[in-house]
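Quick notes on the structure that follows.
Just so it is clear, none of the values below were taken in a lab; they were calculated from the coordinates. The model shown is predicted, which means the values in this text are computed figures rather than measured ones. Ideal geometry is used to build each Cβ from the backbone, glycine not excepted, and the neighbour counts take in all protein chains shown.
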Amino acid sequence: MRTMEYQIGQVVYSKSGHDKGGMMMILSLEGPYAYLADGRRRKLERPKKKKLIHIQPTGYVDAELAGKLCRNEYVLDADIAKALKSYQEKLAEK
């Protein structure tokens, strides 16, 4: 089994649970878990704690948001929602 690299600010898809197929962003990593938010249903105040085996990584990392999250700077739910939307738009262009 090949291990995937996960990093803060990366867009991922949920592979299991009620949010299966949903797109989220990694806010932080802690052992075998990632804390995720999508800016709409799952807000920054209450990120979803999900095992890494239950998420599918994408190759896309929002560098600006990743930097802010790593430096503990102020980030809005709208910033995350906007980043996810722009990723969706890039996929649609292909």
In the stretch 1-52, anything loosely packed, with under 12 Cβ neighbours inside 10 Å and among the β-branched types (Val, Ile, Thr) is listed as THR3
Step by step: first the residues of the stretch 53-67, then only those that are among the β-branched types (Val, Ile, Thr) and surrounded by fewer than 16 Cβ atoms within 10 Å (Cβ to Cβ), then the one that is nearest to the chain's Cα centre (by Cα). Which residue is that? THR58
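Matching residues to (1) part of a strand (DSSP E or B); (2) out of contact with any helix residue (DSSP H, G or I) (no Cβ under 6 Å at 6 or more places or on another chain); (3) of a type in the set (Val, Ile, Thr):
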position: ILE53; (1), (2), (3): no, yes, yes
position: THR58; (1), (2), (3): yes, yes, yes
position: LEU65; (1), (2), (3): no, no, no
position: LEU84; (1), (2), (3): no, yes, no
position: LYS90; (1), (2), (3): no, yes, no
Take LYS20 and tell me if it is out of contact with any Cys (no Cβ under 8 Å at 6 or more places or on another chain), free of Cβ contacts under 8 Å to residues at least 12 places away in the same chain and not acidic (Asp, Glu). yes
